[in-house]
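To start, the structure under review is shown below, and the notes come after it.
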Amino acid sequence: MVINFKIIFIGIVVAFITLVIFTQYQTEISIEESNIHGIEFFNFNIDFKDFDMVELPIDSIFIIKAIKDDYILDKNTYRYLKLAFELDDENLSLYDELSNTDEKTVVIFPIFTSSAYNSPGFYDYYSDRCDVSCLTVPIKLILRTEMGGNGAQILKLLNYKFLSDIDVDKNPEILNNFDKVILLHNEYVTKKEFDAITSHPNVIYLYPNALYAEIEVNYDQNTATLIRGHGYPEKHIDNGFDWVFDNTRPYEFDRDCDNWEFYEIENGKMLNCFPEEQLYEDASLLKALKEI
């Protein structure tokens, strides 16, 4: 995957182009469990209370904040490193239209993909900065833009319930409790999770490049290891499951989403662009996600 960054140009016009969350900034993220009808849901919380936050001048239906002075300056460009989304009191009636009200809808949080992007990790190996030892990584919950971190925060604000990759891998039948399953950028999954997702009749693939590579998990050691895909173990191997509905190319590289649409596949619908910014800019996309 190619990672694009949004940037804030400081000048007469302020344009925010890329948002990224780096692992080296240790904002506290906690996990809680909520129980509805006997199902333990995955609930992540981000604690920014110890940071001095500033509101960013971004065109959004949400309030977007960043840690003050926590940016990289590059040729008159400020790149903020960590973001937080909040509801805007001026848009409460809009949120009523966009918020999930269906207990039979669930989002799968891509904790395996979040772990793969940590450093040292899979992408150090892909870039020849590390040997195969980097293809085994500790499983960590970090909200990264690469795994749909913006989308995860936004959908949580809009009352969507979550399961994690781990929940589905350990209990694939759990998805049978839901009429609609939403994926974020779940790029790295186990074979059991892949089978559970692709056999569900109504999956919304909100990000391209989902279900791209196979991993195995050692829960005793809390690690994930790449098995197949993304050019491993042989360069010609693309999708690790040889999945015919893989939509990585070209859709993963469309970050503008100017002509976004959902199109049908065998077990649900896929979005034709990478919506990490579109989700906070475009209420119509969130409304379509709710109603689809």
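If you count the DSSP beta bridges with both ends in the chain, what percent of them are antiparallel, to the nearest 5? Provide the component values of the computation, followed by the final result.
Working: 34 of 50 bridges.
Bridges in the chain that DSSP calls antiparallel: roughly 70 percent.
Which value at 222 nm does the chain reach when only helices count, each DSSP H run of 4 or more adding -39,500 (n - 2.57), with the total divided by all residues and rounded to the nearest 500 deg cm²/dmol?
On the way: 9 runs with 58 residues, N = 292.
Result for the chain: -4500 deg cm²/dmol, rounded to the nearest 500.
Express the carbon and sulfur contribution to the solvent-accessible surface of region 102-185 as a percent, rounded to the nearest whole number, probe 1.4 angstrom.
Solvent-exposed carbon and sulfur of region 102-185 make up 46 percent of the total.
Search the structure for amide H atoms under 5 Å from the amide H of ILE182, placed 1.01 Å from N in the peptide plane, and list their residues when 5 or more places away or on another chain.
For ILE182, the qualifying residues are VAL106, VAL107, ILE108, ILE204.
Using θ = phi - 60° and the Karplus relation 6.51 cos²θ - 1.76 cosθ + 1.60, list the HN-Hα couplings for region 149-159 in order, rounded to whole Hz, with x at every Gly or Pro.
Using θ = phi - 60°, the values come out as x, 5, x, 4, 5, 5, 5, 5, 4, 9, 6 Hz.
Can you list residues whose amide H is under 5 Å from LYS82's amide H, if they're 5+ apart or on another chain and H is modeled 1.01 Å from N?
ILE67
From the backbone phi of region 104-121, what are the Karplus-calculated ³J(HN,Hα) couplings (6.51 cos²θ - 1.76 cosθ + 1.60, θ = phi - 60°) in whole Hz, Gly and Pro given as x?
9, 10, 9, 10, 9, 6, x, 5, 5, 5, 4, 5, 4, 7, 5, 10, x, x
Between rounded, prolate and oblate, where does the chain land on the alpha carbon gyration tensor, with a ≥ b ≥ c its root eigenvalues, rounded for a/c under 1.5, else prolate if a/b exceeds b/c? List each step's numbers first, then the result.
Values: a/c = 1.44, a/b = 1.15, b/c = 1.25.
Verdict is rounded for the chain.
PHE41's amide H: which non-local residues (gap 5+, or another chain) put their own amide H closer than 5 Å, with H modeled 1.01 Å from N in plane and none for Pro or chain starts?
HN-HN under 5 Å from PHE41: SER34, ASN35, ILE36.
What accessible area per residue comes out for the chain, rounded to a whole number of Å², with a 1.4 Å probe? Before the final figure, lay out each step's value.
On the way: 13410 Å² over 292 residues.
It amounts to 46 Å² per residue over the chain.
Quick one: compute the contact order of the chain, relative version, from alpha carbon pairs under 8 angstrom and 6+ residues apart, as a percent. Don't skip to the answer; put the middle values down first.
Values: 579 pairs, mean separation 45.3, N = 292.
Relative contact order here is 16 percent.
Put +1 on the Cβ of every Lys and Arg and -1 on every Asp and Glu Cβ in region 208-292; which of THR223, ALA210, PRO275 then has its Cα farthest towards the positive end of the dipole?
The listed residue farthest towards the positive side: THR223.
Ignoring ligands, DNA and RNA, please state the percent of accessible area on region 231-292 from carbon and sulfur, probe 1.4 Å. Before the final figure, lay out each step's value.
Details: 1360 of 3180 Å².
Here it works out to 43 percent.
Could you go through region 177-182 in sequence order and give the Karplus-derived ³J(HN,Hα) for each residue, using 6.51 cos²θ - 1.76 cosθ + 1.60 with θ = phi - 60°, rounded to whole Hz, and x for Gly and Pro?
My calculation for region 177-182 gives 7, 10, 7, 9, 10, 10 Hz in order.
Pick from VAL181, VAL244, VAL106: which residue has the top mean-square fluctuation in a GNM of the chain where Cα pairs under 10 Å get a spring?
Evaluated over the chain, the most mobile residue of the options is VAL244.
Using only the heavy atoms of the protein chains and a 1.4 Å probe, how would LYS49, LYS68, LYS269, LYS75 rank by accessible area, largest first?
Numbers: LYS49 145, LYS68 100, LYS269 55, LYS75 180 Å².
Putting LYS49, LYS68, LYS269, LYS75 in descending order of accessible area: LYS75, LYS49, LYS68, LYS269.
According to a simple spin-label model (label point 7 Å from Cα along Cα-to-Cβ), what is the distance in nm between ASP102 and GLU55?
3.3 nm
With charges set only on the Cβ (+1 for Lys and Arg, -1 for Asp and Glu), what does the dipole of region 188-272 come to about its Cα centre, in debye to the nearest 20?
Numbers: 7 positive and 16 negative charges, 32 e Å.
Dipole about the Cα centre, nearest 20: 160 debye.
Kindly state, to the nearest 0.05, the FRET efficiency for ARG129 paired with SER93, given R0 = 51 Å and r defined as their beta-carbon distance.
Values: r = 49 Å, r/R0 = 0.97.
The calculated FRET efficiency here is 0.55.
Cut-off 10 angstrom, C-alpha nodes, Gaussian network model of the chain. Which of ILE64, ILE182, ILE46 fluctuates the most?
Sorting by GNM fluctuation, first place goes to ILE46.
Tell me the relative contact order for region 45-94 as a rounded percent, counting alpha carbon contacts under 8 Å between residues six or more apart. Mind showing how you got there, number by number?
Details: 60 pairs, mean separation 15.1, N = 50.
Dividing the mean separation by the residue count of region 45-94 yields 30 percent.
The values are calculated or read from the model by the stated rules, or taken from the named source; none is laboratory data. Computed from a predicted structure; not experimentally measured. Note: ideal-geometry Cβ built from the backbone for every residue, glycine included; neighbour counts use all protein chains shown. SASA here: full protein model, heavy atoms, side chains in, ligands and nucleic acids out. Shrake-Rupley method; radii C 1.70, N 1.55, O 1.52, S 1.80 Å.
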